[in-house]
1. Tell me which of these A:Ala26 doesn't satisfy, since it passes every other one: (1) at pLDDT 95 or above; (2) more than 10 Å from chain B (Cβ to nearest Cβ); (3) touching a Phe, Trp or Tyr at 6+ places or on another chain (Cβ under 8 Å).
2. So which residues in region A:66-82 are more than 19 Å from A:Val29 (Cβ to Cβ) and either hydrophobic (A, V, I, L, M, F, W, C) or over 13 Å from the mean Cα position of the chain (by Cα) (or both), if there are any at all?
3. For region B:66-93, give me the residue count where each residue is of a type in the set (Asp, Glu), in contact with a Leu (Cβ under 8 Å, 6 or more places away or on another chain) and closer than 23 Å to A:Thr19 by Cα.
4. Which one of the conditions (1) in a strand (DSSP E or B); (2) without any contact (Cβ under 8 Å) to a residue 40 or more places away in the chain does B:Cys78 fail to meet, given that it meets all the rest?
5. Residue by residue through region A:69-86, note down the ones that are touching a residue at least 60 places away in the same chain (Cβ under 8 Å) and farther than 20 Å from A:Arg131 by Cα.
6. Being out of contact with any Lys or Arg (no Cβ under 6 Å at 6 or more places or on another chain) and at the interface with chain B (Cβ under 7 Å from one of its Cβ atoms) is the filter here, so list the residues in region A:30-43 that pass it.
7. Out of A:Gly61, A:Gly133, which single residue is more than 11 Å from every other protein chain (Cβ to nearest Cβ) and more than 27 Å from B:Gln114 (Cβ to Cβ)?
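The values are calculated or read from the model by the stated rules, or taken from the named source; none is laboratory data. Keep in mind that what you see is a predicted model, and the values were worked out from it rather than measured. So basically every Cβ, Gly included, is an ideal-geometry build from the backbone, and we count neighbours across all protein chains shown.
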Amino acid sequence: MANATVEVTTPSETSVAVTRVFEAPAQLVWDAHTKPELIRRWMTGYEGWDMPVCDVDFRVGGAYRYEWSHPTEQGFAATGSFEEIEEPSRLVTVERMEGFEGEARNVMTLDEHDGRTTMTLVMYFGSQEARDGAIATGMTDGMSYSYDVLDDLLASL
Amino acid sequence: MALAATADRTEGLLDATFAALADPTRRAIIERLAQGEASVTELAAPFEISQPAISKHLKVLERAGLVSRHRQAQRRMCRLEAAPMAEAERYLEAFRQHWEAAYQRLDALLAELQGERTEGGGGDAGRANGS
């Protein structure tokens, strides 16, 4: 059975690491991260979000653009480029979220054993502030709000 | 806009907290204080570093609002202030849940792709269904 739990760690002051095991060969996990028709089937978080734009020019130096939209929440977008491509084990991209300062260098590695793949994604930011902001944004973008956190924020405004 | 203002405020809170947590000695100090108040001397005991070095760590933790100090007669006492830790943990947990939601969808997609494979299905595996 897959380890269906994402592990999130902060290996340094300017990075965040996400680790997850998938019940699938590395090539499929790779495809799901790099082919637009597959990416938009899962990279949407919670229900209600759509990914109207998923443009990928998949080559070293090529660019990509993602846009997420929701009927009532503020949408957002990310743009990036491919720095390293070693199919199907290592993918390095440089990405920025529109409206936010700075960019992150994302290193994804896929390690396959017995038909299961461990995916490790390390996001390197230019500063601690940017790293912390990215973690906070993951919460405030509407994709992962939990009610007790919302209550606390409203109480403090 | 409300969300941006909130993000600015919370970034400041997270800065100091994550900086404080990035050091193993400081994490050990926090773990000890989670069990109850301790004096600076007691905190320094398990480590082979000087008291001034411990005090430096305590300053970082104080600036992050994680630890507060007070005097009890002759002893300099330290206490864990749990609120910033809880806040940072909540943010990390929310971040983790954001990724978990996406990866659960990826699990379903991967299962579907492998189902098509074993059935000998060719063609466009995982074609987006007109979203």
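1. Against the list (1) at pLDDT 95 or above; (2) more than 10 Å from chain B (Cβ to nearest Cβ); (3) touching a Phe, Trp or Tyr at 6+ places or on another chain (Cβ under 8 Å), A:Ala26 comes up short only on (3).
2. Selection gives A:Trp68, A:Ser69, A:His70, A:Pro71, A:Thr72, A:Glu73, A:Gln74, A:Gly75, A:Phe76, A:Ala77, A:Ala78, A:Ser81.
3. So the count comes out to 1.
4. (2)
5. Passing the criteria: A:His70, A:Glu73, A:Gln74.
6. A:Ala32, A:Leu38, A:Arg40, A:Arg41, A:Met43
7. Answer to the selection: A:Gly61.
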